[in-house]
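What follows is calculated from the coordinates using simple rules that are stated; it is not laboratory data. Bear in mind that the values here come from a model prediction, so they are computed numbers and not experimental data. Cβ coordinates were reconstructed from backbone atoms using ideal geometry, including for glycine residues, and neighbour counts include every protein chain displayed.
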C-alpha cells in the first residue's frame, strides 16, 4: 500500500511572507526584502571513546546566521552603520519572519531572531543600465523563538 502524498497546495508560497525588524524601539516592515534565510548551525564536538573504533559526537553550542536580498530603497541599516562608525555603538535588533499561505493546510509559522547584528553594509551603489538595484544583507543572531509553528500535514504522523 502506498504511503501518504503531500498535496501540491500545501507547499508554502514564499511571496506571502512578512518580515519586521525592531531596532531601538522602532518596528520596520521590511517589505523591500525579496529573499531571506536564517540558519542555526549546531557545533558538534568529537568525543573519543575508549574501546570504540568510531568517534562519538556531542552537540556543544550553536551559532545563528541570517542573510537576505532587498531592493536598494531604504536606509535603515545604513543609518545603523553610520551610527556605529561615528560612535562605536552597534545596536542589536530583532528580526521577525512569518510564513503563511492561506491555501496551504500547514497554517502559519513565526520565527523571532533575537540580538541580531549586521556584519556587512552596502553604503552606496549604482549600475549603469540596471533597471532595479538590490543589496545583499547578512549578519548573526544569538537566540530565537518560534511562537507559531506549522501544522503537521495529514499523513505525516
(message) Taking the number of other C-beta atoms within 10 Å as the exposure measure, put 95, 49, 111, 5 in order starting with the fewest.
(response) 5, 49, 111, 95
(message) At 10 °C and a viscosity of 1.306 mPa s, what translational diffusion coefficient does Stokes-Einstein give for the chain, taking Rh as the Kirkwood radius over Cα pairs? Give it in µm²/s as a whole number.
(response) 85
(request) With everything on Cα atoms, drop me the angle between helix 76-87 and the longest principal axis of the chain, reported from 0 to 90° to the nearest 10. (result) 70
(request) Two decimals is fine: what is log10 I(q)/I(0) at q = 0.12, 0.18 Å⁻¹ for the stretch 63-141, from a Debye sum with one equal scatterer on every Cα and no solvent? (result) -0.47, -0.87
(request) Treat the count of other C-beta atoms within 10 Å as a stand-in for reagent exposure and order 137, 50, 152, 117 from fewest to most. (result) 50, 152, 117, 137
(message) Under 8 Å for C-alpha pairs, at least 6 residues apart: give me the relative contact order for the stretch 8-148, rounded to a whole percent.
(response) 27
(request) Within 10 Å of each residue's Cβ, count the other Cβ atoms and sort 59, 149, 104, 138 from fewest upward. (result) 59, 149, 138, 104
